1. Which whole-Hz ³J(HN,Hα) couplings does the range 57-66 yield from phi under the Karplus relation 6.51 cos²θ - 1.76 cosθ + 1.60, θ = phi - 60°, glycine and proline marked x?
2. What FRET efficiency do you get for ASP26 and SER168 if R0 is 22 Å and r is their Cβ-Cβ distance, rounded to the nearest 0.05?
3. Of the accessible area of the chain, with the probe set at 1.4 angstrom, what percent is carbon plus sulfur?
4. In Å², what does the accessible area per residue of the chain work out to with a 1.4 Å probe?
5. Looking at the calculated P(r) for the chain, what percent of the C-alpha pair distances fall above 20 Å?
6. Using only the Cα atoms of the range 19-71, construct the convex hull and provide its projected area averaged over every direction, in square nanometres to one decimal.
7. Quick check: pseudo-label points 7 Å beyond the Cα along Cα→Cβ at ALA71 and MET19, how many nm apart are they?
8. Using a Förster distance of 22 Å, how high is the FRET efficiency between ALA195 and ARG95, based on the Cβ-Cβ distance and rounded to 0.05?
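The values are calculated or read from the model by the stated rules, or taken from the named source; none is laboratory data. These numbers were taken from a predicted model, which means no experiment stands behind them. Reconstructed Cβ throughout: ideal geometry from the backbone, glycine too, with neighbour counts over all protein chains shown. Keep in mind that these areas ignore ligands, DNA and RNA; they rest on the heavy atoms of the full protein, side chains included. Shrake-Rupley method; radii C 1.70, N 1.55, O 1.52, S 1.80 Å.
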Amino acid sequence: MIRVLVADDQRMVRAGLRMVIETEPDIQVVGEAGDGVEAVTLARRLLPDVVLMDIAMPRQDGLTATRVLLATPNPPRVIVLTTFDTDENLHDALRAGASGFLLKVSSPEHLITAIRVVAAGEAILDPAVTTRVIASYAGTPGPQPPPELADLTPRETDVLRLVARGMSNGEIAAALTVGEATVKTHVARVLMKLALRDRVQAVVYAYESGLIRPGR
């Protein structure tokens, strides 16, 4: 059973999310929070697997609450769920360590998929958000590559470039003519060497480091 905590300052939104989530036999809402402070308190007590975190909340916003939660031992996975899709919110959420970023206009099916994917240790971005990540780096000067990139093998570098393009392990395996298990191993080694939490952070890293540029 996947345990979910819903954090949103609007009671009707929380009720709607609960109704969608609890139609699934393998997902359970274990608590609701109306602000960031309450979200952190309940998460520490209830130990959910996934927290659905709104950004704009009183007392403490969702980004701050996410940073606080992810600084604790054995933190839950966090999916930022918001009506705001500005670049600033996107980058702040990703840098805070969120494993997912979904707009509130996403379909219920997409939400359920995101919860399962994130609970399994992967990461997910709304397709519109992935496009925005790439576009935000268009036209910016390329930075000096960080030294840790040199620790990657040529094949690991290729895998990171393809991850940054939003490709799945299966798609990468087909592109490189290797087995999917081999790709999974390469991805794990890339994350370990670069001290990255998951694929979402790998996408941001690849663009911020200049390893890949939009259109290349």
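1. 9, x, 6, 8, 6, x, 5, 5, 4, 4
2. According to the calculation, E is roughly 0.50.
3. 56 percent
4. 48 Å²
5. Here the long-distance tail beyond 20 Å is 58 percent of all Cα pairs in the chain.
6. Projected area, direction-averaged: 3.7 nm².
7. Reported label-point gap for ALA71 and MET19 is 3.8 nm.
8. About 0.95, to the nearest 0.05.
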